[in-house]
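Questions regarding the structure given below will be posed in turn.
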Amino acid sequence: MTAGPAEVSPFQQTLRTYLKAGYPILYVVTAEEQRAIDLISGALADEKLSRRKPFVWSVSRGLCTLDLKSVDQKTADPKRILPYLQELKQPGVFILEDFHNFIDERSPSATLVVRQMRDLVGPFQATQKTLVVLSPVLKIPPEIEKDVTVVDLGLPDESELAGVLDETVESVKDRPHVEINLDGDGRERVVKALCGLTQMEAENALAKVVVTRSRLDAEDIDLLLAEKEQVIRKSGILEFYASPERFGSIGGLENLKEWLRRRGKAFSEAARDFPLPYPKGLLLVGVPGCGKSLTAKAVAAEWRMPLLKFDLGKVFGPLVGQAEDNMRKALKMGQAVAPCVLWIDEIEKGLAGSRGGGQGDSGVAARVFGTLLTWMEENKQPVFVVATANDIAGTPPELLRKGRFDEVFFVDLPSLPERALILAIHLTRQRRDHRDFDLARHAAAAEGFSGAELEQVVVEAMFSAFAEGEKTRVEDRHLEKAIAESVPLSQSMGPRIAQLRELAKGWRIASKAAEEGARGAEVVMPEPPPVPPKRKRIFEV
Ligand SMILES: Nc1ncnc2c1ncn2[C@@H]1O[C@H](COP(=O)(O)OP(=O)(O)O)[C@@H](O)[C@H]1O
Ligand SMILES: [Mg+2]
């Protein structure tokens, strides 16, 4: 397997620089051995490096050439390989597989092998020889830390993945039963969907699509995304969040939706050519239960991107520096899955949790925040951060400054027409026809209700109708009663909401100014919300 196109990757460029500068020991962190070997040997195709031949060593085969011809059987002993290389006259790049096991302090011969490694530093520098340790984990004994240079291989980039796709297409194109359609932006979309997978995972994912569907086109992205889900699951802090919500599920918040529709276009290839940078993110602050989390869920589906929920509480660990480290790892994982929406819900709680966690140190929270902000500033990948907050009293002011997030929106209690629309949406979701109800009247009665409370009103009405008998129609009177019996949270939250509104003066308002005049609360549903499918009764005979 070759490493895709002949283009030189950033990894190869770095490698060339180190080789030319005579670095004696490189440590490449990767789980992709074959890809790393291909890239390293590819990097040697440079006139200044042509005298160096690549070799591979493993404990099973000893030292071999790249086509696995044995150089000397006795080098299979890990205690003999390094002295052997030191004596060798040939300039070269010697790739060691699994060698981290032999320099690990738990290995009985580690003291000897580590010493041997230190001994070859000087001679290697003088003779155009370089040792490359390939390992899935970064673990360097302190004795040689200063002599070893770590190179991160990273996951395959788009051009490498395009190479993988081309090879798959090449290998199946003559089969009569496989239909390939990658016209238009199809190819680009498949490549984007593969981002975040290793080369092997990408090959497997494509093979799976071909085998299960007998075709390969952009419509098969779902299968590829399912494959990525597996990758993310392993990270612990991020979670793939599948949600049926669309913009049609959100009543009101028209300014916000409008802004999102426009920003969504900036992820296209045309926007790259224009050129526009990728949108970075959005902060939604506001009254609880008014659709902030709902918007985060819907936007991912609208943009056809996977939604990654970031559990901020999980980054805090008992060890010093662990939180920032976890944070960086998770953000890197997010980048690997890009394009995606990274959703940090109730950001203020995650940070408060770190203080309440017995550390008595708000410094950790500040540093974690700092890590996020720096990352947002430097990140060039299409990862769109949606952060939500109900209470920003304790939030660091830097977070709220514009420039980090593309925009900060304030989400207030729904206006009269918005309340009517929210009731209509939730009635529709319960498979009731909203035109059967006098929603203008109910919306007026439900002054101060949040979206979540209006949803609850509909649910209550369903219950009370059902209590009268299973055939009872849900009617206005049920809604009326449910509204009369609920006390909205905003009644007790008055001062806090006023405070929020005061703070929000510099931000954009998510709702369009209510036109409560002539049209009143007439319900126009621009797009119907997704309705859960009716449960089928299953008869077991
Ligand atoms: N604007 C809205 N339109 C429709 N439903 C809403 C709206 N706001 C809230 N809801 C309902 O209330 C639930 C909770 O709202 P959520 O988005 O979690 O609130 P928060 O702003 O606290 O994140 C939603 O899942 C939805 O069912
Ligand atoms: Mg929420």
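Glu239: away from ligand 1 (no atom under 16 Å from the Cβ), out of contact with any helix residue (DSSP H, G or I) (no Cβ under 6 Å at 6 or more places or on another chain), at pLDDT below 85 and not assigned by TED's automatic domain parsing to the domain that holds Ala387, yes or no?
Here the answer is yes, as Glu239 does meet what is asked.
Collect the residues in region 303-329 that are over 30 Å from Glu502 (Cβ atoms) and either in contact with a strand residue (DSSP E or B) (Cβ under 8 Å, 6 or more places away or on another chain) or within 16 Å of ligand 1 (Cβ to nearest atom) (or both), keeping them in residue-number order.
Within region 303-329, Trp303, Met305, Pro306, Leu307, Leu308, Lys309, Asp311 qualify.
Report whether or not Lys329 is surrounded by fewer than 23 Cβ atoms within 10 Å (Cβ to Cβ), modelled with pLDDT of 80 or more and either outside the structural domain of Glu447 (by TED's automatic domain parsing) or more than 16 Å from ligand 2 (Cβ to nearest atom) (or both).
Values: surrounded by fewer than 23 Cβ atoms within 10 Å (Cβ to Cβ): yes; modelled with pLDDT of 80 or more: no; either outside the structural domain of Glu447 (by TED's automatic domain parsing) or more than 16 Å from ligand 2 (Cβ to nearest atom) (or both): yes.
No; evaluated as a whole, the condition is false for this residue.
If I go through region 12-53 residue by residue, how many of them are at pLDDT below 90 and buried (at least 18 other Cβ atoms within 10 Å of the Cβ)?
So the count comes out to 3.
Still on this structure, I have one more. Only one of Ala266, Ala300 is more than 16 Å from ligand 1 (Cβ to nearest atom), closer than 27 Å to Asp412 by Cβ and of a type in the set (A, V, I, L, M, F, W, C); which?
Ala266
Looking only at residues that are away from ligand 2 (no atom under 16 Å from the Cβ) and of a type in the set (A, V, I, L, M) in region 294-307, which one is nearest to Ile425 (Cα to Cα)?
Ala301
Something else: Can you list the helices (runs of 4 or more DSSP H) found entirely within region 419-488 that contain at least 3 residues being surrounded by fewer than 14 Cβ atoms within 10 Å (Cβ to Cβ)?
It comes to 451-467, 476-485.
Could you grab me the full set of residues in region 463-493 that are among the hydrophobic types (A, V, I, L, M, F, W, C), within 26 Å of Pro288 (Cα to Cα) and away from ligand 1 (no atom under 14 Å from the Cβ)?
Residues of region 463-493 that are among the hydrophobic types (A, V, I, L, M, F, W, C), as a first pass: 463, 465-467, 474, 479, 482-484, 487, 489, 493.
Filter again for within 26 Å of Pro288 (Cα to Cα), leaving 463, 479, 482-484, 487, 489, 493.
Correct list: Phe463, Leu479, Ala482, Ile483, Ala484, Val487.
Could you check how many residues of region 366-397 are within 16 Å of ligand 2 (Cβ to nearest atom) and at pLDDT 85 or above?
Here the count works out to 6.
In region 266-283, is there at least one residue being within 16 Å of ligand 2 (Cβ to nearest atom) and under 14 Å from Leu342 (Cβ atoms)?
Yes.
Among the candidates Gln125, Gln116, single out the residue that is part of a helix (DSSP H, G or I), assigned by TED's automatic domain parsing to the domain that holds Tyr18 and modelled with pLDDT under 90.
Testing whether each residue is part of a helix (DSSP H, G or I), assigned by TED's automatic domain parsing to the domain that holds Tyr18 and modelled with pLDDT under 90 leaves just Gln125.
Going through region 332-346 one residue at a time, which ones are within 14 Å of ligand 1 (Cβ to nearest atom) and buried (at least 23 other Cβ atoms within 10 Å of the Cβ)?
Trp343
Applying the selection to region 128-143, what residues are surrounded by fewer than 17 Cβ atoms within 10 Å (Cβ to Cβ) and either in a loop (DSSP other than H, G, I, E, B) or not charged (D, E, K, R) (or both)?
Step one: list which residues in region 128-143 are surrounded by fewer than 17 Cβ atoms within 10 Å (Cβ to Cβ), which gives 128, 136-139, 142-143.
Matches in region 128-143: Gln128, Pro136, Val137, Leu138, Lys139, Pro142.
The values are calculated or read from the model by the stated rules, or taken from the named source; none is laboratory data. What you are looking at is a predicted structure, and each value in this text was computed from that prediction instead of being measured. Quick reminder, even Gly has a Cβ in these numbers, built from the backbone with ideal geometry, and neighbours come from all protein chains shown.
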